[in-house]
Amino acid sequence: MRPRSVSPVGASRFERPFVTPTRRRSPGSTDSSRTARERPTTQTTNTTTTTTAHGPSPTTPTSPSTPHYSSRRSAASTMASATTTLSTAPSSLLHDPGCDSPACALPVTPTTATSDSADSTDRWFARFRSDPSLAGAVPTDPCPDRATLAAVQDLPLLQADGTATPFGALFHPHSALHPRQLLIFIRHFYCGACQAYLAAISASITKEDYFRIPVPTSIFVIGCGAPDLIPVYKTITGCPFPIFADPSRQLFKKLGMTLSLNIGSRRPEYMKEISAPAWAAGQVTTIRERLKSEEIRKRDVIRGGNPMQIGGEFLLEAGEVIWCHRMKSMRGHAEVGVLRGILELDG
């Protein structure tokens with residue numbers, strides 16, 4: 001399978017570095033658009049087909065040597081050519097909602113492939129939002145609207161080396177790596193429940209599964225501890241996905257994630273072999289082992305993040321949150337099977 005092209009921001013270890021494609025032109029080639037502009041207007045079909053459905057580009061100059069014809073036959077021929085071009089133009093050029101051009105009002109029939117793609121997307125959104133089975137046992141919580149996302153898009157997320165990345169760069173359509181993004185907000189970096197959760201996700205969504213997701217999806221993990229603890233956390237969990245830190249917890253707060261000391265009454269599937277006492281003892285053991293191996297320092301024990309902060313999971317597409325789940329307890333992550341369901345890996 002051919003690897004996807006990726007940007008330097010948010011690439012998982014599953015993917016190769018991004019290489020900007022270079023367009024080369026042979027010495028004997030000519031610019032087709034320039035050639036089309038220099039042809040006489042009697043070949044109206046060729047000239048019109050290089051423009052959008054709203055008519056010739058206002059920036060396209062008219063060649064001084066182009067002959068002018070004022071007969072009604074020539075005008076009728078031009079209109080017929082424009083109508084033919086509209087009926088065969090790509091769907092992306094057929095209509096602009098913000099355009100008042102009369103051409104936008106012409107009845108057009110998109111190509112079958114484009115129509116099927118649009119219908120498929122619309123059907124998926126309608127089914128996703130109306131069918132609780134797609135979200136497994138956890139229904140969709142109220143999703144942040146576009147205004148909320150706009151208010152938080154400039155909040156900085158820190159990488160392991162301290163480099164700041166605007167939150168909006170992860171999901172904005174102009175900068176996002178993939179059409180969809182799955183954001184997993186975890187608790188502090190020493191939380192044994194979140195460590196077990198990411199370990200379960202990494203084991204369930206393998207490299208082969210990752211590239212089998214029907215709609216390419218970037219997966220990001222966001223914690224609330226110090227960014228320089230990220231390498232240790234990746235070692236503990238074996239997580240292959242990019243991890244960021246939000247030590248200020250502003251993003252957690254703005255997206256509706258709260259503080260809680262509730263451990264939950266039910267043991268989740270991703271912790272089926274870890275009891276509550278073993279969970280608490282495991283966190284202490286993890287810290288001691290990391291101190292002994294000098295992977296962390298004593299002062300790092302209190303830099304893992306607020307122990308009361310709980311997180312959640314958010315699925316975005318086209319700059320919009322289409323599904324989300326906020327934790328209600330310290331062990332309240334959406335089950336791994338639910339994530340596979342919303343990613344359509346099991347459908």
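The values are calculated or read from the model by the stated rules, or taken from the named source; none is laboratory data. All values derive from a computational prediction rather than experimental measurement. Cβ: placed from backbone, ideal geometry, glycine included. Neighbour counts: every protein chain shown. Note: areas computed on protein heavy atoms with side chains; ligands, DNA, RNA excluded. Shrake-Rupley method; radii C 1.70, N 1.55, O 1.52, S 1.80 Å.
Things to note:
- Residue among Ser248, Ser265, Ser260, Ser329 that is open to solvent by 50 Å² or more (accessible area, probe 1.4 Å), within 26 Å of Asp145 (Cα to Cα) and of a type in the set (Ser, Thr, Tyr): Ser248
- Within the stretch 146-178, restricting attention to residues that are of a type in the set (Val, Ile, Thr) and open to solvent by less than 50 Å² (accessible area, probe 1.4 Å), the residue that is nearest to Trp323 (Cα to Cα) is Thr148.
- Checking each residue of the stretch 196-211 against the condition of being in contact with a His (Cβ under 8 Å, 6 or more places away or on another chain) and either in a helix (DSSP H, G or I) or open to solvent by less than 20 Å² (accessible area, probe 1.4 Å) (or both) gives at least one match.
- Breaking point among (1) assigned to a loop (DSSP other than H, G, I, E, B); (2) touching a helix residue (DSSP H, G or I) at 6+ places or on another chain (Cβ under 7 Å); (3) under 22 Å from Cys143 (Cβ atoms), for Pro214: (2)
- Cβ pairs under 7 Å, 6+ apart, first in the stretch 240-264 and within 23 Å of Ile274 (Cβ to Cβ), second in a loop (DSSP other than H, G, I, E, B) and of a type in the set (S, T, N, Q): Pro240/Ser12; Phe241/Ser12; Ser260/Ser329; Asn262/Ser329; Ile263/Ser329; Gly264/Ser329
- Test: residue in the stretch 279-288 that is open to solvent by 40 Å² or more (accessible area, probe 1.4 Å), touching a Lys or Arg at 6+ places or on another chain (Cβ under 7 Å) and either outside any helix (DSSP H, G or I) or modelled with pLDDT of 90 or more (or both): no
- When the stretch 297-326 is filtered for residues that are open to solvent by 20 Å² or more (accessible area, probe 1.4 Å) and assigned to a loop (DSSP other than H, G, I, E, B), the ones remaining, listed by number, are Arg297, Arg303, Gly305, Asn306, Pro307, Met308, Ala318.
- Restricting the first member to the stretch 289-308 and to residues that are closer than 16 Å to Ala160 by Cβ, and the second to residues that are part of a helix (DSSP H, G or I) and open to solvent by 70 Å² or more (accessible area, probe 1.4 Å), the beta-carbon pairs closer than 9 Å and six or more apart or on different chains are Glu295/Thr235; Glu295/Glu289.
- Output for the stretch 151-167, where each listed residue is touching a residue at least 12 places away in the same chain (Cβ under 8 Å), of a type outside the set (Asp, Glu) and farther than 14 Å from Gln250 by Cα: Gln159, Ala160, Gly162, Thr165
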